[in-house]
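These notes concern the structure reproduced below.
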Amino acid sequence: MYNVTIGLEIHCEVKTNSKNFSSAKNIYSEYPNEFVDTIDIGLPGILPVANKEAFRKSLMMALALNCKTPKIVQFDRKNYYYPDLPKGYQITQETNPVGRDGYVMINVNGEDKKIGINNIHLEEDTASMDHFSDYSLIDYNRAGIPLLETVTEPCIHSVEEALTFLETLKGIFLYTGVSDARTDRGQFRVDVNLSLSKDDKLGTRTEMKNLNSFNTVKLAIEAEIKRQT
């Protein structure tokens, strides 16, 4: 019999009038590349400016998750290359996030449990890609939209706990008005980190990225537990 250990990373788009570091509109559109600014596509000489409303809502969410908030908050460049990241780096909060060491209380099968929040930080979303048989297209409408990433501690031990936490977290985003958190529009996406072990020592972790529905999270966890077992 194995012990299951799960940690979640939840990416949720923040509801604002404009993007996180540009004046382009933060509006969902089926028409590609409709709301794009020079900052969003990383043209030379760009000067990003932080979105005050995005930061205000991030701070609100950090407090709602019982996080400690720092006296100094900064943004960092996280360098990596994907086709949908035109600058070659992401502006994020690697060093001083807007919130640390929080928690969310959930109830599973009549028992209360505290889910630890390692940190919550504000960053920018990437563009989105549409893949076809022999080529891919990039839509920059999503590039630069303010994105809150909530990172739990590895303290979740079942599918039921994971889904209950996700439902609770989504409810907090909706109640505070920080996000519409629509999974069908990619506004609420989940990375699942999972390992099995026979003792208290954590096993080898795998990560399943960008799961955009609760049912997909459920199926992914169940399949990965079976595969690792």
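The values are calculated or read from the model by the stated rules, or taken from the named source; none is laboratory data. Note that the coordinates shown come from a computational prediction; the quantities given were computed from them, not determined experimentally. Virtual Cβ from ideal backbone geometry, glycine too; neighbours counted across all protein chains shown. For the accessible areas, the whole protein counts, side chains as well, though only heavy atoms, and no ligand, DNA or RNA atoms are used. Shrake-Rupley method; radii C 1.70, N 1.55, O 1.52, S 1.80 Å.
Residue-by-condition table, conditions (1) out of contact with any His (no Cβ under 8 Å at 6 or more places or on another chain); (2) in a loop (DSSP other than H, G, I, E, B); (3) modelled with pLDDT of 95 or more; (4) of a type outside the set (D, E, K, R):
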{"site": "ILE6", "(1), (2), (3), (4)": "no, no, yes, yes"}
{"site": "GLU30", "(1), (2), (3), (4)": "yes, yes, no, no"}
{"site": "VAL49", "(1), (2), (3), (4)": "yes, yes, no, yes"}
{"site": "GLU53", "(1), (2), (3), (4)": "yes, no, yes, no"}
{"site": "VAL73", "(1), (2), (3), (4)": "yes, yes, no, yes"}
{"site": "ASN96", "(1), (2), (3), (4)": "yes, yes, no, yes"}
{"site": "ARG100", "(1), (2), (3), (4)": "yes, no, yes, no"}
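With respect to the conditions (1) open to solvent by less than 60 Å² (accessible area, probe 1.4 Å); (2) in contact with a strand residue (DSSP E or B) (Cβ under 8 Å, 6 or more places away or on another chain), LYS87 lacks only one, and its number is (2). If the condition is being of a type outside the set (Phe, Trp, Tyr), in a helix (DSSP H, G or I) and out of contact with any strand residue (DSSP E or B) (no Cβ under 8 Å at 6 or more places or on another chain), then segment 155-181 contributes VAL159, LEU163, GLU167, GLY171, LEU174, THR176. Just one of the listed residues (ASP199, ASP184) is surrounded by fewer than 14 Cβ atoms within 10 Å (Cβ to Cβ), part of a helix (DSSP H, G or I), out of contact with any Asp or Glu (no Cβ under 9 Å at 6 or more places or on another chain) and acidic (Asp, Glu), and it is ASP184. I need the full set of residues from segment 23-36 which are more than 20 Å from the chain's Cα centre (by Cα), touching a residue at least 12 places away in the same chain (Cβ under 8 Å) and under 20 Å from PHE55 (Cα atoms), in order please. If the condition is that a residue be more than 20 Å from the chain's Cα centre (by Cα), touching a residue at least 12 places away in the same chain (Cβ under 8 Å) and under 20 Å from PHE55 (Cα atoms), then SER23, ALA24 are the ones that fit. For segment 221-229, indicate whether the set of residues that are in a strand (DSSP E or B) and either open to solvent by 20 Å² or more (accessible area, probe 1.4 Å) or at negative phi (or both) is non-empty. Scanning segment 221-229, I find no residue that is in a strand (DSSP E or B) and either open to solvent by 20 Å² or more (accessible area, probe 1.4 Å) or at negative phi (or both), so the answer is no.
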